[in-house]
Each structure stands twice: as structure tokens, then as C-alpha cells.
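> One structure is given below, represented as C-alpha cells, and several questions about it will come after.
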Amino acid sequence: MVLAVKAVDLKIGYMDEEEKIYWAVRGVSFQVSESEIYCIVGESGCGKSTIGNAIAGILPSHAVTSGKLYIYDKKVIDNEKMDYTGIRGRVVSYIPQNPGTSLNPYETIEEQFYHVLSSVYGYDKRKSVETARRYLAMVELDPDKVLDYYPHELSGGMQQRAAISIALATGARIIVADEPTSSLDAHLRLQLIRLMRKLRDTVRLSLILITHDLVSAGRICDTIAVMYAGKIVEEGRGSLLLTEPLHPYTQMLVDAVPILGLKKPLKSIPGEPPQVGGEISWCVFRERCPVAFEKCGIHPPELYIMERKVSCWRYMNHGAR
Amino acid sequence: MNSIEANIRGAAYLVRKQFRKMRFKTGLAIVLVITILALLSPIIAPFPEEGLGYIPENAVAKARLPPNPVNIFGTDTRGRDLFSRVLFGAGSALVEILIVVLTSLSIGIIIGVSAAYFKGVVEHVLNYLIELFVSVPAIIIALALRLAIGPGLYVVILGLITTWWSWYARITYIYARSIVEMDYVVLARLSGLNSLKIIYRHVLRNTIPPVLVQAVTDMGSVLLEATSINFIGLGVPLNSPEWGVIMLEGLPVITIAPWITMFPGIFLLITALGFSLIGDSLREELDPRMRRRWRLWF
């Protein structure tokens with residue numbers, strides 16, 4: 001099994017104008033193997049997009065990093081140093097959250113393909129059109145029509161799929177998708193999920209999916225990582241993690257998902273996540289945790305239990321290693 | 001009563017709609033006619049020398065003749081054929097417009113895009129510069145130039161460019177600022193693409209169309225302002241064929257020879273109107289959400 005992405009105690013923060021650092025990701029370690037669909041879920045502001053940006057190599061210039069991040073054999077983040085040469089756009093590609101602002105409104109889809117392919121591989125016009133046709137067909141868009149269209153002539157779902165096919169056309173082995181289903185209808189979401197699974201099976205693509213949507217995540221992911229306040233609190237096989245959540249936060253998150261047709265009272269998670277900011281030495285979920293006890297004043301280690309990783313003291317004496 | 005009112009409203013609506021359809025064509029026709037007249041003025045004008053400022057021998061006898069078959073617009077106070085002078089005036093009007101608008105547009109776009117793209121100190125300094133020049137009136141600059149170097153077309157042109165570029169810089173900055181925040185620019189920058197390439201491909205392409213439309217609409221205002229600088233005697237020498245100067249010469253005798261001020265005034269009005277009509281209809285046409293197939297050449 002080849003590892004596509006490997007993070008070791010990765011920390012990412014943003015520096016403000018007074019050089020104060022706000023940590024968005026507070027030390028995470030994870031591995032994504034080749035042709036795996038890896039989901040990162042969590043509420044807004046928990047650092048999941050930051051991890052996605054770090055893998056895709058599009059962290060802004062005021063980001064501060066620590067720890068290590070490997071993409072295949074290359075060490076792209078080595079403490080403060082970042083080096084994405086030969087990785088960004090070639091090995092890793094990025095599907096943006098909002099296709100409306102990521103496609104230039106004054107260029108046809110054909111030109112957008114051409115610009116990406118010519119700057120990454122130096123393709124000429126004819127070759128880029130050929131490639132574009134192949135990848136547009138893959139996302140079930142009609143190349144004869146769509147190539148001449150401007151982005152505003154496509155619907156939101158079509159824009160999203162066009163953006164996906166541009167990302168795929170680079171021949172990237174790893175795709176980072178930042179909430180690709182957030183602006184889509186339920187049936188388009190299903191279509192996209194099928195497409196991603198198909199791509200995983202046919203091109204052996206590794207997919208890192210960042211999402212709010214637990215239901216789709218459960219349907220398509222091999223592995224789900226639940227993030228809270230910059231930490232991964234639980235990680236495990238997709239279906240199992242959602243049916244039998246272990247960490248209190250995951251349990252509450254799963255409880256909060258409405259189920260269609262079932263009249264269960266909707267539960268929210270009381271309280272607010274901690275502010276992005278300085279170091280936290282205690283368990284990040286302590287303030288909102290219904291079952292917190294004294295030991296939670298120290299941050300729990302990653303425990304391996306039932307084929308998954310959980311960061312919670314409660315499982316210390318339950319056969320966890 | 002009500003139906004009559006409705007009929008009138010309906011008729012007014014139809015007229016307005018028809019007029020809106022005609023705007024672009026009317027504007028283009030006006031500008032084309034004026035351009036052709038300006039280019040062919042040495043051929044069309046019945047008295048080309050008089051048009052350029054030469055005073056005829058029997059000036060006193062020919063002075064202030066009302067419109068007649070020989071001088072269709074009449075003659076001015078020095079006996080020159082007014083039609084020839086107004087025709088030659090079209091040439092200098094177009095020269096002023098083109099030089100002023102093209103130069104200030106280029107300066108403005110470069111400064112505005114740089115301010116938006118390079119952020120930080122560059123943005124602050126350029127913005128102060130823009131604000132400074134927006135607040136200076138063109139006439140003051142023209143007055144200073146006139147006193148320092150003497151009369152000439154360049155007084156008008158330089159005076160106007162000094163202030164006009166700042167308006168284009170400001171508009172460009174406002175548009176470019178929002179484009180620079182778009183994902184396709186942010187991501188292109190982060191992935192280390194050449195700045196010039198990004199500016200050309202993404203920022204300029206999205207910024208130029210609205211600014212260009214503004215520039216076309218402004219051409220009428222440039223003409224009006226240039227003419228008014230000439231009208232108060234700050235610009236070109238008094239004998240030159242220029243609408244503002246002709247009107248200035250006709251001003252003292254406006255009660256006895258109104259045609260001297262009237263004809264250049266009418267030409268001025270129509271030309272300014274032509275540019276405004278084109279600009280106005282382009283504004284709707286160039287909006288990327290309103291148009292379907294409209295390719296620009298950059």
C-alpha cells in the first residue's frame with residue numbers, strides 16, 4: 001500500500017499584522033493511502049479547509065507551519081519550510097468550494113482548460129482541446145457544447161463538474177475537494193458521489209474530501225476523520241464511525257444530523273468551539289463535553305480501539321492501546 | 001380617460017423602446033459623420049485657407065454675413081467662412097478627445113491595476129496619488145501651463161490628461177480590487193504563476209471592458225471640458241479653428257450675429273451626444289451577464 005499523503009504532527013497557523021499567530025490546525029497526524037477516499041468533517045472554523053489548502057499547496061503567504069507533511073516521497077512541509085515544486089498542479093489538484101468565483105467569467109471553458117494545461121505541461125491548443133474533451137466526457141458533460149460556453153452559461157452543478165474536470169485534466173494523483181457538494185442539489189450530489197467513486201476505481205485517484213455533509217461522507221468515504229478545534233478527535237472506517245461513534249463530539253455530531261422522514265427531536269451541540277489562538281494543553285472538547293472529568297485537563301493521547309483512532313480519556317481503560 | 005392615459009403611456013413606452021434600440025446606431029452614425037467631415041475638411045470646405053485662420057482681403061465687407069448660398073453658415077467677425085472654420089474645428093476636437101482619453105486611459109489602467117494587485121505600500125501610495133490628482137481642476141493646470149509655456153493645443157491636452165487619468169485609475173482600481181479577491185486570481189497567485197500573466201489574463205480581461213465603456217461615455221465630457229478651456233482663451237491661439245475659440249469670438253456680437261456662436265455650439269452638442277449614446281449602449285452590451293456571444297480582442 002503506497003502512502004499518498006502523510007502528516008506528522010502538522011500545525012498550521014495564520015500570522016496577523018502584529019505577528020501574533022493564530023493556530024488553525026494544532027498538530028494532526030494522519031495518512032492517506034493511494035486510491036483512498038479520505039473525508040475530513042467538522043464544524044466551521046475547525047481547520048479542515050486549512051489542511052486541504054496545505055495539501056494542495058495553496059496556503060497564503062502569512063501562514064505559519066510546523067511539523068511535517070509528505071506527498072508521496074516528497075517532504076512538502078518541513079517545519080517552517082514549504083516546497084511544492086513539481087507537486088502543486090501536477091500531483092495534487094484542487095477543486096474549489098465555489099465554482100462561480102474560480103472560473104474566469106471572460107473565458108470559455110476551452111480557454112480555461114488551455115491555460116491550466118499550457119502552464120502545467122506546455123500543451124498547445126489542439127492537444128489541450130483533446131484532453132478537455134476526454135475529461136469533460138468523464139464528468140458527463142457534452143464536450144461539443146460545453147467547450148464553447150462561458151461559465152455563466154452553465155448551471156451551478158455544471159460549473160462544479162467543469163471545475164472538477166479541469167482539476168482532473170492535470171493528471172493529478174491526489175485531488176483535494178473543499179466542500180464540492182455544498183452548493184448542489186441532492187440528485188447532483190449523488191451523481192458527484194458516484195463520479196468520485198468511479199474515478200477512484202478507474203484512475204486510482206486519492207481523494208481528500210472536506211465536507212460538512214456527514215450523510216454523503218458516510219456514503220463515499222473509506223476513512224473519515226472528525227476534526228474539532230484544529231485536532232483530529234476521531235478517525236476510522238467511514239460506515240463504522242458514523243454508526244458507532246466513540247468520541248463524545250462525534251456522537252453529538254451524528255445526533256445532530258436530521259433524518260428524512262423520521263420525527264426525532266433535533267439536537268444541537270451546546271456551547272461554542274474554542275477561539276482560534278494560542279496553544280491548548282487540555283482536551284479541546286472539554287468545555288462542551290457532557291462527560292468530561294478531571295483527567296480532561298490534559299490533552300488525551302491517540303488511542304487505538306476497534307480499528308480506529310480516538311482522542312478521549314474515556315477509552316483509556318477499555319482495552320485501548 | 002383612463003384608456004387615453006394608458007394609450008399615451010403605451011405610445012411613450014414604444015417611443016422610448018424604439019429610441020433605446022436606435023441609440024447605438026445613432027451615436028455611431030454621428031461619430032462617423034463627424035470623423036469623415038474632419039478627415040475630409042480640406043476637400044469639403046469651400047474656403048480652406050479661411051478655415052485655417054487666414055483673413056480675406058475684403059474682410060470688412062464680408063464680416064458677419066448671415067447664412068447665404070455662398071457661406072452656408074454665414075461669416076464671422078473677420079469675414080471668414082464659418083462653415084469652413086467649423087469643419088476644421090471638428091478635426092481639432094477629435095484630436096483632443098483621442099489623445100486625452102487614450103493617454104489618460106493607459107496611465108489610469110496601469111496605475112489602478114498596480115494599486116489593486118500589488119496591495120500594501122504600493123496600494124496606499126498610489127491611492128494618495130490618485131486622490132491628489134482627482135482634486136486638481138484641469139483649468140488650473142491649463143492656466144499654469146499657458147502662463148509658463150504659452151498658447152497651444154498641448155495646453156488643453158496636457159491640462160486635461162493631468163486630471164483625467166486619475167478618474168480612470170480610480171475606476172480601474174475599484175473594479176480590479178474585487179477581481180483580485182476572486183478565487184481564480186488568488187489561486188493563480190498562490191501557485192506561483194507569473195504576475196504579468198495573471199494581470200493580463202485574469203485582472204485586465206475582467207477590468208478593461210467596464211473602464212473602456214466609461215472612457216467612451218467620457219469622450220463627450222472631455223470634448224466639453226477642452227472646448228471650455230479654449231472658450232475662456234486659455235488653450236489654442238485665438239485664430240485657430242476650434243469650436244471653443246470660434247464661440248469666444250462670436251460672444252461679443254451674440255445679439256447681432258447669433259449664428260457665429262450657434263453653429264459651433266450645435267456641432268459641439270451633437271458630437272458630445274454621439275459619444276454618450278455609444279457609451280451608454282455599450283454599457284449594457286458589455287456586461288458579461290447580459291451578453292451571449294461578444295468576444296473582445298484582448
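> Tell me which residues, restricted to the range A:112-150, are among the charged types (D, E, K, R) and either surrounded by 20 or more Cβ atoms within 10 Å (Cβ to Cβ) or more than 13 Å from chain B (Cβ to nearest Cβ) (or both). Can you show your working first?
Let us first name the residues in the range A:112-150 that are among the charged types (D, E, K, R), namely A:124-127, A:130, A:133-134, A:140, A:142, A:144-145, A:148.
Hits for the range A:112-150 are A:124, A:125, A:126, A:127, A:130, A:133, A:134, A:140, A:142, A:144, A:145.
> If we keep just the residues of the range A:236-265 that are touching a residue at least 40 places away in the same chain (Cβ under 8 Å), part of a loop (DSSP other than H, G, I, E, B) and aliphatic (A, V, I, L, M), which is farthest from residue A:305 (Cα to Cα)? First the steps, then the outcome.
First, pick out the residues of the range A:236-265 that are touching a residue at least 40 places away in the same chain (Cβ under 8 Å): A:236-238, A:240-241, A:244, A:246-249, A:253-254, A:257.
Cutting the leftovers down to part of a loop (DSSP other than H, G, I, E, B) gives us A:244, A:246-247, A:257.
Then drop every residue that is not aliphatic (A, V, I, L, M), which leaves A:246, A:257.
Values: A:246: 9, A:257: 25 Å.
Result: A:257.
> Could you identify the single residue in A:8, A:25 that is among the aliphatic types (A, V, I, L, M), surrounded by fewer than 17 Cβ atoms within 10 Å (Cβ to Cβ) and not in a loop (DSSP other than H, G, I, E, B)? Walk me through how you get there before you give the answer.
Numbers: A:25 fails: surrounded by fewer than 17 Cβ atoms within 10 Å (Cβ to Cβ).
After applying the criteria, what remains is A:8.
> For the range B:1-90, give me every one of the helices (runs of 4 or more DSSP H) that falls completely inside it and has 1 or more residues that are more than 28 Å from residue B:251 (Cβ to Cβ). Spell out how you get there, then give the answer.
Working: elements: B:2-44, B:48-52, B:59-62.
It comes to B:2-44.
> Let me ask something additional. Can you tell me how many residues within the range B:250-298 are within 20 Å of the chain's Cα centre (by Cα), at pLDDT 85 or above and surrounded by fewer than 16 Cβ atoms within 10 Å (Cβ to Cβ)?
4
> Please specify each residue of the range A:77-93 satisfying the condition of being more than 7 Å from chain B (Cβ to nearest Cβ), closer than 28 Å to residue A:21 by Cα and either surrounded by 20 or more Cβ atoms within 10 Å (Cβ to Cβ) or touching a residue at least 60 places away in the same chain (Cβ under 8 Å) (or both). Give the derivation first.
The first filter runs over the range A:77-93 and keeps only residues more than 7 Å from chain B (Cβ to nearest Cβ), leaving A:77-87, A:90-93.
Then keep just the ones that are closer than 28 Å to residue A:21 by Cα; that gives A:77-85, A:87, A:92-93.
Of everything in the range A:77-93, those that are more than 7 Å from chain B (Cβ to nearest Cβ), closer than 28 Å to residue A:21 by Cα and either surrounded by 20 or more Cβ atoms within 10 Å (Cβ to Cβ) or touching a residue at least 60 places away in the same chain (Cβ under 8 Å) (or both) turn out to be A:77, A:84, A:92, A:93.
> Which condition number in (1) in contact (Cβ under 8 Å) with a residue 40 or more places away in the chain; (2) more than 14 Å from chain B (Cβ to nearest Cβ); (3) exposed (fewer than 15 other Cβ atoms within 10 Å of the Cβ) is the one that residue A:60 fails?
Against the list (1) in contact (Cβ under 8 Å) with a residue 40 or more places away in the chain; (2) more than 14 Å from chain B (Cβ to nearest Cβ); (3) exposed (fewer than 15 other Cβ atoms within 10 Å of the Cβ), residue A:60 comes up short only on (2).
Yes/no per residue for (1) polar (S, T, N, Q); (2) surrounded by 23 or more Cβ atoms within 10 Å (Cβ to Cβ):
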site	(1), (2)
B:215	no, yes
B:228	yes, no
B:240	yes, no
B:244	no, yes
B:248	no, no
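> Find the residue count for the range B:54-79, including only residues that are touching a Lys or Arg at 6+ places or on another chain (Cβ under 8 Å) and within 26 Å of residue B:225 (Cα to Cα).
Of the residues in the range B:54-79, 3 are touching a Lys or Arg at 6+ places or on another chain (Cβ under 8 Å) and within 26 Å of residue B:225 (Cα to Cα).
> Considering only helices (runs of 4 or more DSSP H) fully contained in the range A:127-230, which possess at least 2 residues that are under 30 Å from residue A:271 (Cβ atoms)? Break it down into steps so the answer makes sense when it comes.
Numbers: elements: A:143-146, A:156-169, A:186-203, A:214-220.
Output list reads A:214-220.
> Right, here's the next one. Where in the range B:138-240 are there helices (runs of 4 or more DSSP H), lying wholly inside it, with at least 3 residues that are over 29 Å from residue B:271 (Cα atoms) and within 14 Å of chain A (Cβ to nearest Cβ)? Spell out how you get there, then give the answer.
Details: elements: B:138-149, B:153-180, B:183-190, B:195-198, B:205-231.
Helices (runs of 4 or more DSSP H) meeting the threshold: B:153-180, B:183-190, B:195-198.
The values are calculated or read from the model by the stated rules, or taken from the named source; none is laboratory data. Fair warning: this is a prediction, and the values are worked out from it, not measured in the lab. Here Cβ is always computed from backbone atoms with ideal geometry, including for glycine, and neighbour counts include all displayed protein chains.
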